[in-house]
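Engineer: Quick one: this structure, given as structure tokens, is what I'll be asking you about.
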Amino acid sequence: MSKSKAKKKPSAAGTAIKAVDAATIVEDAFGNYLIRAGRLNGDFIARAFPATGSKSQGLIAEASGTSEADAIETLKENLRARSANRTEARRWDERSDTAIPSKEEFVEALRQMKLTDAQLAMLKAHAVAGDDGMTLAALTRASGYKSEDTAMKALKRAGSLVGDFLGLDPRSGAANDPRDAREVLGYQIEGEAETASVWVMHDELRNAVRSAI
């Protein structure tokens, strides 16, 4: 794909895109992706890349067309179908009452989101804990926070970021509601009278954390 010093600014979804000449690279924003289109070996090719993230995995998908605009629209349709197929394939987890994304979806999200060092530390420790899970106190220590309340808010924020990126809808954001954004990350096992409750990370996310961060 040839490059030009002049690039068009991203246009709104659905806006007609006109190339100045055959050497122009056209850019368009679409959801979590940045689409670049131009001519490659005489063909019009559109490619989708992660829109954000310094550790992004590069090319997501590509499509061809009769023009830059046509290739972009074809690629958008492919991305919509890809998203629908991924959503349909998600595993339903009764423990968290949530549809769990695949490892690949979690990896894509983790590589593009801007998580704090404390959130990353929590996720790494939580992944290592495996099926044993971790108490909120243990997650607090792993993150370096002094307050469990602060750690819980950070964990919920991480869940919200992942959920927003992947199109999940946590049922509640209330601080005292166990069914909230944390369920995007894992499920809770209620403790006995003298035992603290434990949070267990979803297996798909556990494998993604080990691969991505």
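A quick yes/no check of all residues on (1) in contact (Cβ under 8 Å) with a residue 24 or more places away in the chain; (2) open to solvent by 30 Å² or more (accessible area, probe 1.4 Å):
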| residue | (1), (2) |
| --- | --- |
| ALA118 | yes, no |
| ALA127 | yes, no |
| ASP131 | yes, yes |
| MET134 | yes, no |
| THR140 | no, no |
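Engineer: Next question. Considering only residues of segment 82-100 that are outside any loop (DSSP other than H, G, I, E, B) and of a type in the set (Ser, Thr, Tyr), which is surrounded by the most Cβ atoms within 10 Å (Cβ to Cβ)?
Structural biologist: Kept after step one, since they are outside any loop (DSSP other than H, G, I, E, B), are these residues of segment 82-100: 82-89, 91-93, 98-100.
Now narrow it down to the ones that are of a type in the set (Ser, Thr, Tyr): 83, 87, 98.
Numbers: SER83: 15, THR87: 14, THR98: 23.
Within segment 82-100, the match that is surrounded by the most Cβ atoms within 10 Å (Cβ to Cβ) is THR98.
Engineer: Same structure, new question: Among all residue pairs at least 6 apart or on different chains, which show Cβ distances below 6 Å where the first residue, located in segment 80-103, is in contact (Cβ under 8 Å) with a residue 60 or more places away in the chain and the second is surrounded by 11 or more Cβ atoms within 10 Å (Cβ to Cβ) and in a helix (DSSP H, G or I)?
Structural biologist: SER96/GLU183; THR98/GLU183; ILE100/GLU204; PRO101/LEU166; SER102/GLU204; LYS103/GLU204; LYS103/ASN207; LYS103/ALA208
Engineer: For the condition closer than 20 Å to ILE213 by Cα and either open to solvent by 10 Å² or more (accessible area, probe 1.4 Å) or touching a Leu at 6+ places or on another chain (Cβ under 7 Å) (or both), what is the one hit in LYS146, LYS103? It would help to see each step written out before you state the result.
Structural biologist: Details: LYS146 fails: closer than 20 Å to ILE213 by Cα.
Selected residue: LYS103, the only one of LYS146, LYS103 that is closer than 20 Å to ILE213 by Cα and either open to solvent by 10 Å² or more (accessible area, probe 1.4 Å) or touching a Leu at 6+ places or on another chain (Cβ under 7 Å) (or both).
Engineer: If I ask for residues that are among the polar types (S, T, N, Q) and open to solvent by 50 Å² or more (accessible area, probe 1.4 Å), which ones from segment 43-56 would you list? Walk me through how you get there before you give the answer.
Structural biologist: To start, the set of residues in segment 43-56 that are among the polar types (S, T, N, Q) comprises 52, 54, 56.
Listed by number, the residues that qualify are THR52, SER54.
Engineer: While we're on this one: Answer yes or no: is there a residue in segment 66-76 that is among the β-branched types (Val, Ile, Thr), over 14 Å from the mean Cα position of the chain (by Cα) and outside any helix (DSSP H, G or I). Outline the logic, then answer.
Structural biologist: The first filter runs over segment 66-76 and keeps only residues among the β-branched types (Val, Ile, Thr), leaving 66, 72, 74.
Applying the additional criterion that residues be over 14 Å from the mean Cα position of the chain (by Cα) yields 66, 72, 74.
So of that shortlist, the ones also outside any helix (DSSP H, G or I) come out as 66.
Yes, the conditions are met somewhere in segment 66-76.
Engineer: Can you tell which of ALA16, ALA63, ALA22, ALA69 is among the hydrophobic types (A, V, I, L, M, F, W, C) and at pLDDT 95 or above? Break it down stepwise before answering.
Structural biologist: Numbers: ALA16 fails: at pLDDT 95 or above; ALA22 fails: at pLDDT 95 or above; ALA69 fails: at pLDDT 95 or above.
Answer to the selection: ALA63.
Engineer: Tell me the residue from LEU40, LEU59, LEU79 that is within 17 Å of VAL26 (Cβ to Cβ) and surrounded by 17 or more Cβ atoms within 10 Å (Cβ to Cβ), please.
Structural biologist: Details: LEU40 fails: surrounded by 17 or more Cβ atoms within 10 Å (Cβ to Cβ); LEU59 fails: surrounded by 17 or more Cβ atoms within 10 Å (Cβ to Cβ).
Exactly one residue qualifies, and that residue is LEU79.
Engineer: What number goes with the only condition from (1) crowded, with 18+ Cβ neighbours inside 10 Å; (2) of a type outside the set (Phe, Trp, Tyr); (3) at pLDDT below 95; (4) outside any helix (DSSP H, G or I) that ALA174 does not pass?
Structural biologist: (1)
Engineer: Take GLY163 and tell me if it is at pLDDT 95 or above and open to solvent by less than 20 Å² (accessible area, probe 1.4 Å). Before you say what the answer is, go through the steps one by one.
Structural biologist: Details: at pLDDT 95 or above: no; open to solvent by less than 20 Å² (accessible area, probe 1.4 Å): yes.
No: the conditions fail for GLY163.
Engineer: Take the residues in segment 101-149 that are of a type in the set (Val, Ile, Thr) and assigned to a helix (DSSP H, G or I), then tell me which one is nearest to ASP164 (Cα to Cα). If you could, list the steps in order and put the result at the bottom.
Structural biologist: Start the filter on segment 101-149 by keeping residues that are of a type in the set (Val, Ile, Thr), which leaves 107, 116, 128, 135, 140.
Filter once more, keeping what is assigned to a helix (DSSP H, G or I): 107, 128, 140.
On the way: VAL107: 14, VAL128: 25, THR140: 24 Å.
Filtering segment 101-149 for residues that are of a type in the set (Val, Ile, Thr) and assigned to a helix (DSSP H, G or I), the one nearest to ASP164 (Cα to Cα) comes out as VAL107.
Engineer: Quick one: is SER96 touching a strand residue (DSSP E or B) at 6+ places or on another chain (Cβ under 6 Å), at pLDDT below 95 and hydroxyl-bearing (Ser, Thr, Tyr)? Don't jump to the end; show me each part of the working.
Structural biologist: On the way: touching a strand residue (DSSP E or B) at 6+ places or on another chain (Cβ under 6 Å): yes; at pLDDT below 95: yes; hydroxyl-bearing (Ser, Thr, Tyr): yes.
Spelling it out, SER96 is indeed touching a strand residue (DSSP E or B) at 6+ places or on another chain (Cβ under 6 Å), at pLDDT below 95 and hydroxyl-bearing (Ser, Thr, Tyr).
The values are calculated or read from the model by the stated rules, or taken from the named source; none is laboratory data. Because the structure is a prediction, the values reported are computed rather than measured. Because the Cβ atoms are built from the backbone with ideal geometry, glycine has one as well, and the counts that use them run over all protein chains shown. Surface accessibility is based on the protein's heavy atoms, side chains included, excluding ligands, DNA and RNA. Shrake-Rupley method; radii C 1.70, N 1.55, O 1.52, S 1.80 Å.
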